[in-house]
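What follows is one structure encoded as structure tokens, with my remarks underneath.
The values are calculated or read from the model by the stated rules, or taken from the named source; none is laboratory data. What you see is a predicted model, and the numbers here were worked out from it, not measured in a lab. Here the Cβ positions follow ideal geometry from the backbone for every residue, glycine too, while neighbour counts run over all protein chains shown. Each accessible area value is taken on the protein alone, full model and side chains, heavy atoms only, with ligands, DNA and RNA left out. Shrake-Rupley method; radii C 1.70, N 1.55, O 1.52, S 1.80 Å.
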Amino acid sequence: MTETATVPTPAPGTPATGAGRREGLLRAALRLRRTRAGLVLTALVLGVALLGPLLAPHSPTEFVAAPFSGPADGMPFGSDQLGRDVLSRFLHGGLTVLGLAAAATAIGVGFGALLGVVAGYRRGVLDEIVMRTGDVVLAFPQLVAALLFLSIIGPKLWLLVLVVGVSHVPRTARVVREATLKVVEQDFVKAAEAIGVRRAKIMAGELLPNVSSALAVELGLRLTYSIGLVAGLGFLGLGLQPPTADWGLMINENRIAVTVQAWAVALPVSAVALLTVGTNLITDGLARASIGIDRGVRS
Amino acid sequence: MYRLIFKRVLLGLVILWAVSVVVFLATQALPGDAARAILGRDATPERLAALQAQLHTGDPMLVQYGKWLAGTLTFDLGASLANGLPVGQYLAPRVSNSLVLMMIAAVIATPVALAVGAWSALRRDRAVDHATSLITLVLAALPEFVVGIILVLIFATGWLHVLPAVFAAGEGAVWQYPAQLVLPTLTLVLAVSPYIVRMMRAAMVEVLESEYVQQARLKGLPERTVIWRHAVPNAIGPVAQVIALQLAWLAGGVVVIEFLFRYPGIGLALMDAIGNRDLPVIQALSLLIAGLYIVVNLLADIIGLAANPKVRTAAR
């Protein structure tokens, strides 16, 4: 996906304790209709992915009919390019996309937040090194970077998670650094420094809680992009490998016969679409709520 | 301002060099013999020797990199392992095909997105505005291949059968087959527009609330003049940077779209090269795409600097 933030970046504001502030953010976000719609969509797809394997009528790798058969009894969405049940493969195929995207997001946003806070607080040479190294990573479009490594080393799952995660790090670090810079100026940080609180503790106890709304928005945005990237790499054939059931791979395998058997493509495509739209709606809700909070308006 | 631009260009060059190191390390500096890794176990000794010579795998790593970089800088990119053609000759028509696709998408997306964004701002908080906001939010979330497949399902295979699902032109230039170009272009347009629309709307809302627009209205100027002479020109400045960033995104986004529509450009060439483990082509394309991305981002930065009056007037 594209790199510009869709959502207004929340400005970090007045000091607050971590727990109280986050609760406020979530509650404010939940008052917006789009956040609730996003939660419903996300929960729906999550439900399919998590409960699907239990409900699937067939094994995802069992051959049940001729390739590309139409819908029939006990096979409401027909069969795929090898004659496997489309519904069963769809129900089994969500966990991989979700798991890989979540892991990549956790790595990317985790390291990005750490580097962003440290760079924003310590400044100086460290800041320069972190941000300029980030520039090199940013010089690759996310997908091309992933393709470069996956194509040479091979479509390994740990590598996929790592590459997608690393491509998020500089983007998150930039946002968190900007947010940190605004907090560092404030008196409570100076007060903590004056009474000799350790730097690590200042970063974890004073700075991190106060950039948490920016971080929450960034987390949602990165998760949306991760889902798109992981599914996209699967679609390009560089994610999960056959015969695994995976939404991205299903689209790749069945797109040649989209005229005769559209379900095998339409089901995974709609699931990915609903999921990304859902997470983005939540992200937008969080962003709007955080701006409201920072202005002191709780609508 | 010129010093700032000079510094940015210099930084861009350093980044480009760093990118070349990354591409080299990711492709050629694998543990073991890169030539053997590419050709597989059952390679004939002749092919292996030829590839080892082309990749200079006998040399130490630093010398290998030097020779590769020297080759790249002189546009001597080696020969494709899949078809034996020189990489430059193999890629030239594909690069121009991709540029055609990206250009058409950019030329359509930019004015349409600006118009929709401005219109949305003028109808602020009315139904049109809310609809635009929701549609752009949804489009921004969808991965581009999902948009492409939905378009294929609607226009090519599912409901309507009006457009081809894949690019299947014969000989000649791609623009001789306009019907084939519609879906790939439309997908790219839908992928880049939402960000421009949202940015333009935000900029216009701010400008419309400004005192000079208020003044123009109080002066009794016709609304048309207020919008076209006073509001739009002031709103476009900050949006220009977002437009440039979206165009930079096209360099990478085109890969999936070309793969989906089998459009004969750099993206499809990259996917083919990955399938064939065609190392010289992968190296050249990664470098090319990253280079394009860096250059357009650099332009975006310079536009941003030029559009910022503080910077423009400060350090002369």
task: Express the Stokes-Einstein translational diffusion coefficient of segment B:78-132 in µm² s⁻¹, to the nearest whole number, given a Kirkwood radius over alpha-carbon pairs, 37 °C and a viscosity of 0.692 mPa s.
output: 228
task: Place a +1 charge on the Cβ of each Lys and Arg in the protein assembly as shown and a -1 charge on the Cβ of each Asp and Glu, then give the dipole magnitude about the Cα centre in debye, rounded to the nearest 20.
output: 2020
statement: So, for the Cα atoms of chain B, Rg and Dmax in Å stand at 23.9, 84
message: With unit charges on the beta carbons (Lys and Arg positive, Asp and Glu negative) and the dipole taken about the Cα centre of chain A, which residue among A:LEU87, A:VAL166, A:ILE195 sits farthest to the positive side?
response: A:ILE195
- prompt: Based on the alpha-carbon gyration tensor of segment A:59-134 and its eigenvalue square roots a ≥ b ≥ c, which shape applies: rounded if a/c is under 1.5, prolate if not and a/b is larger than b/c, or oblate?
  reply: prolate
- prompt: Got a number for carbon plus sulfur as a percent of the protein assembly as shown's accessible area, 1.4 Å probe?
  reply: 67
task: Could you tell me how many degrees, from 0 to 90 and to the nearest 10, lie between the Cα long axis of helix A:94-122 and the main elongation axis, the longest principal axis, of the Cα atoms of chain A?
output: 20
message: Cut-off under 26 Å on the C-alpha distance; same-chain residues fewer than 8 positions from A:LYS201 excluded. Which lysines are left, in chain and number order?
response: A:LYS182, A:LYS190
- request: Ignore the peptide's own chain and count Cβ atoms of other chains within 10 Å of each Cβ in B:127-136; give me the average, rounded.
  value: 1
- prompt: How far, in degrees from 0 to 90, does helix B:178-208 lean away from the longest principal axis of the Cα atoms of chain B, to the nearest 10?
  reply: 40
statement: The aspartates and glutamates whose Cα lies under 16 Å from the Cα of A:LYS156, excluding any fewer than 8 residues away in the same chain, are A:ASP246
task: Within 10 Å of each Cβ in peptide A:171-184, how many partner chain Cβ atoms are there on average? Round it to a whole number, please.
output: 0
query: Gaussian network model of chain A, Cα springs within a sub-10 Å range: biggest mean-square fluctuation belongs to which of A:LEU286, A:LEU30, A:LEU207?
result: A:LEU30
- prompt: When the C-alpha atoms of chain A are aligned to their principal axes, what extent does each axis show, in angstrom, from largest down?
  reply: 75, 46, 28
message: Residue by residue through A:274-285, how many Cβ atoms from other chains fall within 10 Å of the Cβ on average?
response: 3
- request: Calculate the length of the line joining the C-alpha centroid of segment A:263-286 to that of segment A:120-184, in whole Å.
  value: 25
message: Can you give the longest run of chain B that contains no chymotrypsin sites (Phe, Trp or Tyr not before Pro) sitting in a DSSP loop with at most 12 other Cβ atoms inside 10 Å?
response: B:160-316
field: Cα gyration tensor shape for the protein assembly as shown, rounded if a/c is under 1.5, else prolate or oblate
entry: rounded
- request: Mind running the shape call on segment A:172-299? Use the C-alpha gyration tensor, a ≥ b ≥ c as the square roots of the eigenvalues: rounded below 1.5 for a/c, prolate if a/b tops b/c, oblate otherwise.
  value: prolate
- line: Heavy-atom accessible area of B:LEU11, protein chains in place, probe 1.4 angstrom, given in Å² to nearest 10, is 50
message: Give me the summed buried accessible area for the B-A pair, 1.4 Å probe, to the nearest 100 Å².
response: 4100
message: Taking 45 Å as R0, compute the FRET efficiency from the Cβ-Cβ separation of B:ALA179 and A:LYS182 and round it to 0.05.
response: 0.30
message: Mean-square fluctuation check for chain A, GNM, Cα pairs under 10 Å: which of A:THR259, A:THR96, A:THR244 is largest?
response: A:THR259
- request: State the volume of the convex hull built on the alpha-carbon positions of segment A:95-259, expressed per residue in Å³ and rounded to an integer.
  value: 119
field: Accessible area (Å², per residue) of the protein assembly as shown, counting only protein heavy atoms and a probe of 1.4 Å
entry: 45
task: Using only Cα atoms, figure out Rg for segment B:184-316 and give it as a multiple of 2.2 N^0.38 Å.
output: 1.44
Label-point separation, B:MET103 to B:ALA70 (7 Å along Cα→Cβ), nm: 3.6
